[in-house]
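Notes follow once the structure below has been shown.
The values are calculated or read from the model by the stated rules, or taken from the named source; none is laboratory data. These numbers were taken from a predicted model, which means no experiment stands behind them. So basically every Cβ, Gly included, is an ideal-geometry build from the backbone, and we count neighbours across all protein chains shown. The protein model used for the area step is the full one, side chains on, heavy atoms only, and it has no ligands, DNA or RNA in it. Shrake-Rupley method; radii C 1.70, N 1.55, O 1.52, S 1.80 Å.
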Amino acid sequence: MAHMTSPVTSRALTVGFDLDMTLIDSRPGIRACYQALSVRTGTFIDADLAVTRLGPPLAEELINWFPAEQVGAMADVYREMYPTYAIDATLAMAGAREAIAAVRAAGGRAIVVTAKYEPNAKLHLSHLGIDADAVIGNLWAEGKAEALREHDAGVYVGDHTGDVRGARMARALSVAVATGPCDADELRAAGADVVLKDLLEFPAWLADHRRTHA
């Protein structure tokens, strides 16, 4: 139980959130961007398949469609195209704004730590009116621990087993939401301390957690 009780009680409240499929449903926008990249490059990309496995860095998806030596250049092209195709089509996940508000109401800070290219992550949040205290991009799985430790986050909320690994590496409480590519059983097996159906359940969980660990 030590892992579950120590992170928040020993720190001022800072909660980290993943972005794709945690705070935002970026599938329609990413699908559109992959389709545009396919047209631009003349390379087949199964955009419907690609959006079922969001979470890992862009290069891990592009390697399925482009030769290894082209992946870096194609990632640059994709990121350049992304604001045109992906921002307007992306919606906030149910409960996203309420989750951020719950952290603020508790006197805490809400930060976003994501594998997404940081400028595009900030565009999403600005477009959707989701106000984070800090946005740190280009970090995946255990790499997310770097930012979580830097900001002294005691909780990290994500939808992927990679998010669970990042939280545990940072010695933060891993709160998982089953709204992405990993189901509840996968998230528990990866070591999530808490698994919620979605962010709509987060405010009540946070209130209960603070009450029982005060």
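Computed across the stretch 90-169, the Kirkwood hydrodynamic radius from all distinct Cα-Cα pairs reaches 12.9 Å.
In percent, rounded to a whole number, the relative contact order of the stretch 112-158 is 43, using alpha-carbon pairs under 8 Å and six or more apart. Placing +1 on each Lys and Arg Cβ and -1 on each Asp and Glu Cβ, with no other charges, gives the chain a dipole about its Cα centre of roughly 540 debye. Surface analysis of the chain yields an accessible area of 44 Å² per residue, using protein heavy atoms and a 1.4 Å probe.
Projecting the Cα atoms of VAL77, ALA59, GLY95 onto the dipole axis of the chain, where Lys and Arg carry +1 and Asp and Glu carry -1 at the beta carbon, places GLY95 farthest toward the positive end.
Normalised by residue number, the volume inside the convex hull of the Cα atoms of the stretch 51-97 is 98 Å³ per residue.
Pairs of Cα atoms under 8 Å, at least six residues apart: use those to get the relative contact order of the stretch 82-145, whole percent.
The normalised contact order for the stretch 82-145 reaches 37 percent.
Taking 19 Å as the cut-off, the amide N atoms of the stretch 89-110 that come nearer than this to a point 7 Å along the Cα-to-beta-carbon line of LEU200 belong to 91-103.
With all protein chains in place and a 1.4 Å probe, the accessible surface of the chain carries 51 percent carbon and sulfur.
When Rg and Dmax are taken over the Cα atoms of the chain, they come to 17.0, 58 Å.
Each Lys or Arg adds one and each Asp or Glu subtracts one; over the other residues with Cβ under 12 Å from the Cβ of VAL164, this totals -2. Set the Cα radius of gyration of the stretch 38-154 against 2.2 N^0.38 Å, with N its number of residues, and you get 1.19. In degrees from 0 to 90, rounded to the nearest 10, what is the angle of the helix 202-212 Cα long axis to the longest principal axis of the chain? Taking Cα atoms only, the helix is inclined about 30 degrees.
Working note: Cα gyration tensor of the stretch 129-214, eigenvalues times five, square-rooted, sorted largest first, giving semi-axes of 18, 17, 13 Å. Using a simple spin-label model with pseudo-atoms 7 Å out from Cα toward Cβ, GLN70 and ARG188 lie 4.4 nm apart.
Only Cα pairs under 8 Å and 6+ residues apart enter the sum, and on that basis the relative contact order of the chain stands at 27 percent.
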